[in-house]
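Notes follow once the structure below has been shown.
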Amino acid sequence: MYNPFSWVKSITRIALFYGLAMLVGWYFDALLWALAIASTALVLINYYHLVKLNNWLWHSKKFTPPDASGIWGYIYDGIYYMQRRNRIKRKKLGNLIRRFREGSESLPDAAVVLDADWHIEWCNRLARIELGLNWPEDAERRIDNLIRHPEFVKFLRNRNYDSPIEIESPTNISRVLEFRMMPYGEKHYLLIARDITQISHVEQVRKDFVANVSHELRTPLTVLSGYLEMLKESPEMPQSFIDKAFDEMGTQSTRMQSLVEQLLALSRIEASTERVYEKVVNVPQVLRTIEIEAQSLNKNKGHSIEFEVDEGLQIYGVETELRSAFSNLIFNAINYTPNGGKIKVCWGKEQDRARFKVIDNGEGIPEEHLSRLTERFYRVDKARSRKTGGTGLGLSIVKHVLSHHNSKLEINSDVGQGSEFSFAFAKQIIAIKE
Ligand code: ADP
């Protein structure tokens with residue numbers, strides 16, 4: 001800014017003022033008095049301006065400075081321009097902060113800005129939701145007083161922020177958060193928390209799956225190699241032992257075979273790109289072939305099995321998948337119902353949907369197992385399931401088939417009374433029989 005203040009002008013003004021005072025003093029023959037009065041007046045004028053400046057700076061709401069001439073005018077203008085410059089800078093800074101905050105609000109992660117001693121300087125909306133922080137109440141509070149998980153506190157105190165940590169969310173222990181700490185600027189930290197529940201769940205499922213498959217295959221393999229070793233070391237075993245060994249080896253290899261087949265079926269269904277709405281499946285016919293297989297499986301069990309099938313009800317779908325879903329439920333009912341039970345299989349319309357139902361009067365399944373039955377390898381009674389040749393994959397296959405056909409398995413079971421496994425297809429999937 002151009003400053004028009006000039007020393008020469010200012011000194012000339014003072015000289016003129018004193019010159020005038022001296023002239024008046026000389027005229028009245030009181031030169032000293034005139035000089036004293038002029039100096040006092042000058043001090044008073046300056047004092048008056050100082051008071052005005054003080055009032056303007058501290059008490060006035062006006063942004064524009066009071067009127068003044070001479071050096072005081074320049075001082076007022078200088079302060080005024082300085083304030084204006086600061087105001088513009090502050091506004092720019094404010095806009096920058098606002099934009100930064102808006103940007104951070106749209107982050108898909110919880111973000112918290114911390115100072116060198118981990119006091120909260122700012123946090124975004126997700127941090128309030130996922131970390132349970134209150135804003136602005138928690139401003140200036142230390143983050144380790146608010147998130148007290150021992151792992152988190154250790155992570156902060158170690159001051160080694162190269163790798164993130166995973167702990168449960170302070171607001172919901174069923175969710176897993178990944179915390180990362182990023183130093184920036186002068187001793188500031190940006191704490192980022194990302195919800196990785198889904199990823200860690202998938203990772204856990206993968207680990208469990210590999211562990212389960214290995215375990216399931218190891219048991220029959222151990223039996224097989226055990227018998228083979230015994231037969232090799234002592235070839236002249238009694239015939240009864242050899243017969244038993246071959247029987248057992250046969251059972252175990254069938255078990256392994258059905259496990260591998262079920263695993264392949266499961267991965268085929270999961271990776272299936274076959275379109276559901278392309279081919280019509282003649283469900284009554286599929287059920288007829290399953291009924292024949294069911295009767296042969298039922299030979300040793302002696303259940304009375306009743307099929308109640310709407311012969312005209314066909315649907316769009318993938319036949320191999322649906323066959324596997326129907327047969328899994330029917331064979332389960334046969335296998336898990338104590339001998340001489342009653343099993344009913346229904347296929348028919350229910351309002352505008354098509355419903356498949358398998359009802360048995362077996363032992364039923366305790367409530368706490370119901371939500372986990374469709375997990376891979378989950379069995380209510382492991383030993384019994386193995387005896388029936390079960391792999392624990394049947395209901396998992398059913399779940400995937402149904403999800404491929406936009407449906408869901410519904411299980412109702414009363415301990416001591418029996419179980420009902422059913423699912424319904426939406427009307428869009430029902431094919432009108434020509
Ligand atoms: P599996 O191959 O062991 O039969 P599934 O996934 O088909 O595995 O079934 C999981 C578990 O659900 C079974 O081990 C059994 O304990 C239970 N289950 C399934 N169907 C029935 C049923 N109709 N009655 C009682 N329990 C059942």
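We did not get these values from a lab; they are worked out from the coordinates using the rules stated. Computed from a prediction, not measured in an experiment: that's the story for all the values here. Cβ coordinates were reconstructed from backbone atoms using ideal geometry, including for glycine residues, and neighbour counts include every protein chain displayed.
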Distance (nanometres) between label positions extended 7 Å along Cα→Cβ at E186 and K408 = 5.7 nm
task = List the equivalent ellipsoid semi-axes of the stretch 107-195 in whole Å, largest first, each obtained as the square root of 5λ for an eigenvalue λ of the Cα gyration tensor.
result = 17, 16, 12
query = Where the Cα atoms of the stretch 1-48 are projected onto their three principal axes, how long is each span, largest first, in whole Å?
reply = 47, 22, 9
remark   = Computed over the chain: longest principal axis from alpha-carbon atoms vs helix 283-297 long axis, angle to nearest 10 degrees, is 60 degrees
remark   = Each label sits 7 Å from Cα toward the beta-carbon; between T64 and S253 the label points are separated, in nm, by 10.5 nm
query = Once every DSSP H run of n ≥ 4 in the chain is given -39500 (n - 2.57) and the sum is divided by its residues, what mean residue ellipticity at 222 nm do you get, rounded to the nearest 500 deg cm²/dmol?
reply = -17500 deg cm²/dmol
request  = Could you tell me which of L231, A110, S174 has its Cα farthest along the dipole of the chain towards the positive end, charges placed at Cβ (Lys, Arg +1; Asp, Glu -1), taken about the Cα centre?
outcome  = A110
inquiry  = Is the C-alpha gyration tensor of the chain telling us rounded, prolate or oblate? Criteria: a/c under 1.5 is rounded; beyond that, a/b larger than b/c is prolate, otherwise oblate.
reply    = prolate
query = Counting Lys and Arg as +1 and Asp and Glu as -1, what is the net charge of the other residues whose Cβ lies under 14 Å from the Cβ of R98?
reply = +3
request  = Would you mind calculating the gained length between N160 and T222 on full extension (0.36 nm times residue separation, minus the Cα-Cα distance), in nm to one decimal?
outcome  = 17.7 nm
query = How long is the gain from K349 to F241 if the chain were fully straight, where each residue apart is worth 0.36 nm and the alpha carbon distance is subtracted?
reply = 33.4 nm
Selected from L57, Y18, A38, residue furthest toward positive end of dipole (the stretch 7-102; charges at beta carbon) = L57
inquiry  = Over the Cα atoms of the stretch 204-271, what radius of gyration and what Dmax do you get, in Å?
reply    = 15.7, 50
task = Return one number: the angle in degrees, 0 to 90 and rounded to the nearest 10, between the long axis of the Cα atoms of helix 239-270 and the longest principal axis of the Cα atoms of the chain.
result = 40 degrees
inquiry  = Please compute the length gained on full extension between D115 and T40, using 0.36 nm multiplied by the number of residues separating them and subtracting their Cα-Cα distance.
reply    = 21.5 nm
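If the only charges are +1 at each Lys and Arg Cβ and -1 at each Asp and Glu Cβ, what is the size of the charge dipole of the chain around the Cα centre, to the nearest 20 debye? Numbers along the way, then the final one.
Numbers: 57 positive and 54 negative charges, 502 e Å.
Roughly 2420 debye for the chain.
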query = Distance in nm between label sites at R101 and E367, each 7 Å beyond Cα in the beta-carbon direction?
reply = 4.9 nm
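Normalise the Cα radius of gyration of the stretch 246-372 by 2.2 N^0.38 Å (N = residues in it) and let me know the number.
For the stretch 246-372, the normalised Cα radius of gyration comes out at 1.18.
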key: Environment charge at P170 (Cβ cut-off 13 Å; Lys +1, Arg +1, Asp -1, Glu -1)   = -3
note = With R₀ set to 25 angstrom, the calculated FRET efficiency between the beta-carbons of R206 and K279, to the nearest 0.05, is 0.15
ask   = Can you give the angle from 0 to 90° between the axis of helix 31-58 and the longest principal axis of the chain, with both taken from C-alpha atoms, to the nearest 10?
value = 10 degrees
remark   = Ranking F155, Y184, V318 by how far each Cα lies towards the positive end of the charge dipole of the chain (+1 on Lys and Arg Cβ, -1 on Asp and Glu Cβ), the top one is Y184
request  = Report, as a whole number in µm² per second, the diffusion coefficient that Stokes-Einstein gives for the stretch 290-434 at 10 °C and 1.306 mPa s using the Kirkwood radius over alpha carbon pairs.
outcome  = 102 µm²/s
query = What does the charge dipole of the stretch 7-102 about its Cα centre add up to, to the nearest 20 debye, if the Cβ of each Lys and Arg holds +1 and the Cβ of each Asp and Glu holds -1?
reply = 1280 debye
